[in-house]
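Heads up: the structure comes next, in structure tokens.
Read-outs: derived from the displayed coordinates by stated rules, not from any lab. Source: prediction; values computed, not measured. Heads up, the Cβs are rebuilt from the backbone with ideal geometry, glycines too, and the neighbour counts pull from every protein chain shown.
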């Protein structure tokens, strides 16, 4: 089994989010944490189409965010965040704005 | 306290906390003294039994030199801090459990001096004390 590792928020945000077929769903804009016992656990990935690196991009994409349940996450590697969903039927996708 | 203000105050473990509402925000200690900014957040990526990752928010990063910057600028900042008297300027990592409340600021449950978040200000205050009066 893989070991626990640590990752920074600034290293996650802006990374590509890829579906089960390796297709790019979008870019990670933010994560939503919720309490689980004594811990703060990521429950949703907020994914948008832009890079979210520039302020203009953030404004442009703020209304186009999709929320993907974090339990759909299958891996985090150098390519980005891999989720179980497919581009057309990502579970829990919703408009954020 | 105005009700609208009260409605924006939340505990750090509130359900549905979007981390952009924390990232970059100013930090206050338990005595409402400035303690820098939230420069980053740290997660543990824990593998579940089926190998899928579970992301757990564990730490807040603040203090000097904690933000991303080019190597040359980091060296220059180190030199500047040494001139101020901070010999070992480095980011401070605090457990997320030390965050007591989030509103316009991120409130810590402890004093900034306990976590080393006052190292630069303490050095500047030392210089100020050396200046001649008037």
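Observations
- Answer residue from the stretch A:13-30, given it is closer than 14 Å to residue A:83 by Cα and within 13 Å of chain B (Cβ to nearest Cβ) and is surrounded by the most Cβ atoms within 10 Å (Cβ to Cβ) among those: A:28
- Qualifying residue in the stretch B:39-52 (condition: buried (at least 17 other Cβ atoms within 10 Å of the Cβ), farther than 24 Å from residue A:29 by Cα and more than 7 Å from chain A (Cβ to nearest Cβ)): no
- Looking only at residues of the stretch A:68-82 that are in contact (Cβ under 8 Å) with a residue 24 or more places away in the chain and more than 10 Å from chain B (Cβ to nearest Cβ), we find that the one that is surrounded by the fewest Cβ atoms within 10 Å (Cβ to Cβ) is A:79.
- Residues satisfying the stated conditions in the stretch B:30-44, i.e. part of a loop (DSSP other than H, G, I, E, B) and under 10 Å from the mean Cα position of the chain (by Cα): B:38, B:39
- Whichever residue in the stretch B:55-64 is assigned to a strand (DSSP E or B) and more than 7 Å from chain A (Cβ to nearest Cβ) and, among such residues, is surrounded by the fewest Cβ atoms within 10 Å (Cβ to Cβ): B:58
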